[in-house]
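Read the figures in this text as sums done on the coordinates, not as results from a lab. Owing to the predicted nature of the structure, the values given are computational and were not obtained by experimental measurement. So basically every Cβ, Gly included, is an ideal-geometry build from the backbone, and we count neighbours across all protein chains shown.
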Amino acid sequence: MAAPQQPDDDAAISEIRALVTRADDLRKAAPARRDPEAAREPVMRLLDQARGLLAGITDGDTRRSHAAVIAQRISDLDLDALAPMLEPSADVARAPTSVEDPSRIPPGQHLTAGWPVLHVGTVPEIDPGDVRLIVTGRVRSRTVVDLEALRALPTTTVTRDFHCVTRWTRLDNSWTGVRVRDVLDLADVRDSATHAIVSGHPAYSTNLDVEELRADDCLLTWAHDGRDLPREHGGPLRLVVPSRYGWKSVKWVFEIRLVDRDVPGYWEERGYHDVGDPWREQRFREQA
Ligand SMILES: Nc1nc2c(c(=O)[nH]1)N[C@H]1C(S)=C(S)[C@@H](COP(=O)(O)O)O[C@H]1N2
Ligand SMILES: [Mo]
């Protein structure tokens, strides 16, 4: 059997283009728009295939820009599924904040009426008594805390707006929990730690710089708007990083790993931006 031939960049690129075009056509088909949930799977299969071909592109910049294109298409799919929620409802149109203070809506974002639920995979069922958060990597004392230990730290509530990269914004979320900073201090983070990989169930992760994790409003949270955080929104424990797009706010968080360089997480590997500041519209890597 002949050794498999390494496809050159041009071949991989044209195949990716063809797959993305087919995915676009499928997504835009009339029946698909009427039932976006059902339409998602076959489109996603094409985009997954296209993503698989990325490895065949040897030039790093070219590979990244195609990864960003594919990520954009995946985010379009999410947007289709959320379209009904993104139509400003009568109450939202009347909400004083949207009328009086449009400056609260970052570029390219729209207010959402409800509280969309968005994640990869299925909602894990975690008993509050089973929650463990591991702080590890570049720390002097690897630390494992349960919910009880977290609740023993100084508790705080912050009210912040939430911006998802799929373009919905939900104003005035009040989050109650503890500052990530206080948990990092328990583990005694080494000076060499510049970034962290934060992981959540079932198999999710994101990268953040340590400075951001130490911000006043960066919390490990168990309550939203005064109630226990609903399971589908990350309960019993989630990270919330208000100054970044929503994908950085890891639901069902179980590990903070301190590292000495920036390592991309789940979405960042698929073309999302390493920082993700909604005010600078850092959606995709190419928009550095
Ligand atoms: N564990 C986990 N956390 C996650 C995600 C995920 O797929 N898995 N998705 C992120 C994305 S893209 C967004 S916009 C928010 C959505 O939070 P919500 O469902 O509470 O609105 O969760 C983030 N946290
Ligand atoms: Mo998101």
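Tally Lys and Arg at +1 and Asp and Glu at -1 over the other residues with C-beta under 9 Å from the C-beta of H163: what net charge comes out?
Result for the local shell: +2.
Based solely on its DSSP helices, what 222 nm [θ] is calculated for the chain when runs of n ≥ 4 H residues each add -39,500 (n - 2.57) and the sum is averaged over all residues, nearest 500 deg cm²/dmol? Working shown, then result.
Working: 10 runs with 100 residues, N = 288.
So the helix-based figure for the chain works out to -10000 deg cm²/dmol.
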Residues of the stretch 256-288 with amide N under 14 Å of the 7 Å Cα→Cβ point at D61
286-288
Post the alpha-carbon centroid distance, the stretch 110-134 to the stretch 208-276, in whole angstrom.
11
Computed on Cα atoms, the radius of gyration and Dmax of the chain in angstrom are 20.2, 70
Under the Karplus relation 6.51 cos²θ - 1.76 cosθ + 1.60, θ = phi - 60°, what is the ordered set of whole-Hz ³J(HN,Hα) values for the stretch 38-43, x standing for Gly and Pro?
5, 6, 4, 4, x, 5
Residue by residue through the stretch 22-28, which ³J(HN,Hα) values in whole Hz follow from phi under the Karplus form 6.51 cos²θ - 1.76 cosθ + 1.60 (θ = phi - 60°), with glycine and proline marked x?
4, 4, 4, 4, 5, 5, 7
Using a Gaussian network model on the chain with a 10 Å cutoff between Cα atoms, which of V120, V259, V69 fluctuates the most?
V120
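Pick out, in residue order, every one of the chymotrypsin sites (Phe, Trp or Tyr not before Pro) in the stretch 234-288 that is DSSP loop and has at most 10 other C-beta atoms within 10 Å; say none if there are none. Present the calculation step by step, with values, prior to reporting the outcome.
Numbers: sites: Y245, W247, W252, F254, Y266, W267, Y272, W279, F284; in loops: Y245, W252.
Listed in order of number, the matching sites amount to none.
Count the net charge of all other residues whose Cβ sits under 14 Å from the Cβ of T21, scoring Lys and Arg as +1 and Asp and Glu as -1.
On the way: positive: R17, R22, R27, K28, R73; negative: E15, D24, D25, D76.
Overall, the nearby charge balance is +1.
Can you tell me the length gained on complete extension of the stretch S192 to E211, counting 0.36 nm per residue apart and subtracting the Cα distance? It would help to have the intermediate numbers written out before the result.
Working: separation 19, 0.36 × 19 = 6.84 nm, distance 1.27 nm.
Stretched out fully, the S192 to E211 stretch lengthens by 5.6 nm.
T194: net charge of surrounding residues, Cβ under 15 Å, Lys/Arg +1, Asp/Glu -1, itself excluded?
Local charge sum for T194: -2.
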How far apart, in nm, are the 7 Å Cα→Cβ label points at D24 and T136?
4.4
Could you list which residues have their amide H under 5 Å from that of F254, counting only those 5 or more apart in sequence or on another chain, with H placed in the peptide plane?
S199, G200, H201
